[in-house]
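Beneath this line is the structure, given in structure tokens, with notes to follow.
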Amino acid sequence: MGRFHIGESVLFLGRFTSLYPAPGGVVAGLHADPRRAMFDEYTIVFPNKATVTALDFQLISNVSTFKAFPINTVVDISQNHRHANTRGLQDSRHIVLEGDLIDIHLQIPGVEKSRVITGQILKKHSSDFMSQVEVRICQNNIPLDVDYTNDVGEFRLTRVPPQGPLDLEVLLQRPPMRLVGALSL
């Protein structure tokens, strides 16, 4: 069973949009790869009725219908400071984002040329972890990288620009919500 369902609206990740006639379309078919879900093949129908086949790793959910909620930065500690309420290595930047339902702990190593963001999403007032939640890093509303939380709510984003304003998006499916927090590197 694929990640996307027939009739679902999808978008192409930013680095793949130039390969297709439109930035997104609707799933019309699925051929599941029995060994690796990232190679599931989807038939995508564009608004002009053209169809293409795309692989799972090229696609993201079209969340334009999701209600958006802000998540705010409550802790932002640079590599030269240390705070008792943060996790991870001391030579990294630590950021904690807070929303009504969740907290997101981020760690960004002090490497200038390429950035990796690792993080964990924690439910408030619960000991349950949030697994299989889609997390995106975006610049100018274009997704640069997507990951899904593991069984303990952890994720890793590797295609992060070395500087500039970014948005971290967390997509919750039930109810459909898009939680958005601003970051500046």
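Side notes on the structure shown:
- Whichever residue in region 112-136 is in contact (Cβ under 8 Å) with a residue 40 or more places away in the chain and among the β-branched types (Val, Ile, Thr) and, among such residues, is surrounded by the fewest Cβ atoms within 10 Å (Cβ to Cβ): VAL116
- Flag if LEU13 is out of contact with any Ser or Thr (no Cβ under 9 Å at 6 or more places or on another chain), modelled with pLDDT of 90 or more and either not assigned by TED's automatic domain parsing to the domain that holds MET177 or not polar (S, T, N, Q) (or both): no
- Filter result for SER61 (modelled with pLDDT under 75 and closer than 20 Å to ARG159 by Cα): no
Residue-by-condition table, conditions (1) closer than 18 Å to LEU11 by Cβ; (2) hydrophobic (A, V, I, L, M, F, W, C); (3) surrounded by fewer than 17 Cβ atoms within 10 Å (Cβ to Cβ):
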| site | (1), (2), (3) |
| --- | --- |
| ASN140 | yes, no, yes |
| LEU144 | yes, yes, no |
| ASN150 | no, no, yes |
| GLY153 | no, no, no |
| ARG156 | no, no, yes |
| VAL170 | yes, yes, no |
| PRO176 | yes, no, yes |
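- Any hit, region 65-85, residues being under 25 Å from LEU183 (Cβ atoms), among the acidic types (Asp, Glu), in the same structural domain as GLU154 (by TED's automatic domain parsing) and modelled with pLDDT under 80: no
- Qualifying residue in region 112-122 (condition: at pLDDT 85 or above and hydroxyl-bearing (Ser, Thr, Tyr)): yes
- Scanning region 127-164 for residues that are within 15 Å of ARG93 (Cβ to Cβ) and assigned to a strand (DSSP E or B) returns ILE137, LEU157, VAL160.
- For region 21-38, filtered to residues that are under 22 Å from the mean Cα position of the chain (by Cα) and at pLDDT below 90, the residue that is surrounded by the most Cβ atoms within 10 Å (Cβ to Cβ) is GLY24.
- Condition check for VAL160 on (1) at pLDDT 90 or above; (2) under 13 Å from the mean Cα position of the chain (by Cα): one failure, at (1).
The values are calculated or read from the model by the stated rules, or taken from the named source; none is laboratory data. A quick note: this is a predicted structure, and the numbers were derived from the prediction, not measured. In this analysis, Cβ positions are derived from the backbone assuming ideal geometry, glycine residues included, and neighbour counts consider all displayed protein chains.
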